[in-house]
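J.: Attaching a single structure in C-alpha cells format; questions to follow.
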Amino acid sequence: QKIEPAPNHVMFQAPAVTYTPYSPGGTIQGTVADGWEPIRAAFAQNFAEGYEKGAQLVIRVNGHNVVDLHGFSDSCTTTKGPYDGDTIQNIFSSGKQIETMVVAMLVERGLVDYDSPVATYWPEFAQGDKGAITIADVLRHEGKCPWFLDPAKCQPGEAGSQPDHFLPLSLEDHLSTSVIDKRIETNPRVEFGANTDGSPSPRAYHAVTRGFLVDGVLRRVDSKGRGIAEFVDEEICAPLGVTEYKVAIPEDEQNKFNIAHITPALSTYAINMEF
C-alpha cells in the first residue's frame with residue numbers, strides 16, 4: 001500500500017551545523033611583514049571557526065619579527081583589562097620544551113649525563129624498581145612515572161586498574177616539593193605504553209609528572225638548589241630580557257599581570273549536526 005504524504009508535511013531540512021569549542025569570530029590585532037599575509041589569514045580563520053579563544057603568535061626570522069599577532073574571541077576573559085599581546089596565559093605542555101632546555105643546560109655544564117640513571121643524582125628514585133631509568137628516558141616519556149600509584153596496592157610493572165590504586169594530588173600537594181618528591185620516590189615502575197599496532201611500548205606520556213621529575217633532579221644538582229621556576233627565570237629568561245614567561249607566578253605577584261582565564265572547551269565541539 002502506497003502512503004501519500006499528509007497535506008503540508010515535508011521532511012525537515014537544514015544546513016549542517018558545526019559546534020565549535022569557543023564563540024566563533026573575534027578581533028585580530030598586530031602586524032605581519034610583506035609576504036606573510038597568509039599566516040594572518042590562517043590565524044584569523046581559526047577565530048572565525050571558533051577554534052581559538054585568546055591566542056598570540058610571534059615568528060622571528062634573522063632577529064626580526066615577521067609575524068606579531070594576537071587575537072581574542074567575545075568569550076575571552078582575563079583577570080584585568082582586555083586581552084592583548086602581553087596577556088599571560090597557560091601554554092600547558094608547550095612548557096616541556098623549556099624543561100628540555102633546562103636539562104640540556106645541566107648536561108652542558110657537566111652536572112648530569114643523559115645516559116646516567118636518575119638515581120645517580122637522586123638515590124631515593126630507585127625505589128619501586130626504577131633504578132635503571134635514565135635522564136634520557138625521562139625526557140622521552142619513558143620515566144615510568146606517568147602518574148602516581150599507591151605502592152601498598154600496586155607492584156612494579158603494573159599500571160593501576162582500580163580507582164583506589166591511584167594517588168591524586170591536591171593543590172597543597174602541588175605546592176610541596178617534599179610531598180611530590182616522596183610520591184615520585186615511592187612510585188612503583190609503571191608499564192602502560194602501547195604502539196599503534198597494540199604491541200608493548202616503553203613510552204607513556206608524562207603529561208604532568210615530567211616537570212616534577214626534572215625539577216627533582218635539578219634541585220639536587222644545582223649549586224643553589226634552585227627549582228625549575230627559579231632556574232628558568234634566572235638562567236634563560238633574564239639573559240634574554242624575557243619578562244612575560246613564567247613557570248609559576250607567586251600568588252602575591254599575580255596582580256602584576258593580566259592573566260587569561262582558563263575555560264575548558266565544550267565537550268560537543270567539532271560535531272557536525274546534520275538534519
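The values are calculated or read from the model by the stated rules, or taken from the named source; none is laboratory data. Keep in mind it's a predicted model, so treat the numbers as computed, not measured. Reconstructed Cβ throughout: ideal geometry from the backbone, glycine too, with neighbour counts over all protein chains shown. What goes into the accessible areas is simple: the full protein's heavy atoms, side chains included, and nothing from ligands, DNA or RNA. Shrake-Rupley method; radii C 1.70, N 1.55, O 1.52, S 1.80 Å.
J.: For Q45, only one of the following conditions fails: (1) open to solvent by 70 Å² or more (accessible area, probe 1.4 Å); (2) closer than 30 Å to N255 by Cα; (3) of a type outside the set (A, V, I, L, M). What is its number?
T.: (2)
J.: In region 208-262, which residue that is basic (K, R) and open to solvent by 40 Å² or more (accessible area, probe 1.4 Å) is farthest from G85 (Cα to Cα)? Steps first, please.
T.: Quick first cut of region 208-262, residues basic (K, R) only: 210, 219-220, 224, 226, 246, 256.
Cutting the leftovers down to open to solvent by 40 Å² or more (accessible area, probe 1.4 Å) gives us 219-220, 224, 246, 256.
Working: R219: 33, R220: 36, K224: 34, K246: 15, K256: 15 Å.
The qualifying residue farthest from G85 (Cα to Cα) is R220.
J.: Test D84 against the criterion of being in a loop (DSSP other than H, G, I, E, B), in contact (Cβ under 8 Å) with a residue 24 or more places away in the chain, acidic (D, E) and surrounded by fewer than 19 Cβ atoms within 10 Å (Cβ to Cβ), and give yes or no.
T.: yes
J.: Restricted to region 190-240, and to residues that are part of a helix (DSSP H, G or I), under 22 Å from E124 (Cβ atoms) and among the β-branched types (V, I, T), which residue is nearest to the chain's Cα centre (by Cα)?
T.: Step by step, filter region 190-240, then rank; the result is T209.
J.: Within region 149-166, restricting attention to residues that are of a type outside the set (D, E, K, R), within 12 Å of G128 (Cβ to Cβ) and part of a loop (DSSP other than H, G, I, E, B), which residue is least open to solvent (accessible area, probe 1.4 Å)? Spell out how you get there, then give the answer.
T.: Looking only at region 149-166, we keep the residues that are of a type outside the set (D, E, K, R), and these are 149, 151-152, 154-157, 159-163, 165-166.
Applying the additional criterion that residues be within 12 Å of G128 (Cβ to Cβ) yields 149, 151-152, 154-157.
Retained after the next criterion (residues that are part of a loop (DSSP other than H, G, I, E, B)): 151-152, 154-157.
Details: P151: 62, A152: 89, C154: 3, Q155: 111, P156: 54, G157: 31 Å².
The extreme case among them is C154.
J.: Could you check, for region 128-148, whether at least one of its residues is among the hydroxyl-bearing types (S, T, Y) and either in a helix (DSSP H, G or I) or open to solvent by less than 70 Å² (accessible area, probe 1.4 Å) (or both)?
T.: Within region 128-148, one or more residues are among the hydroxyl-bearing types (S, T, Y) and either in a helix (DSSP H, G or I) or open to solvent by less than 70 Å² (accessible area, probe 1.4 Å) (or both).
J.: Looking at region 108-123 only, could you name the residues that are out of contact with any Gly (no Cβ under 9 Å at 6 or more places or on another chain), surrounded by 14 or more Cβ atoms within 10 Å (Cβ to Cβ) and not in a loop (DSSP other than H, G, I, E, B)?
T.: T120
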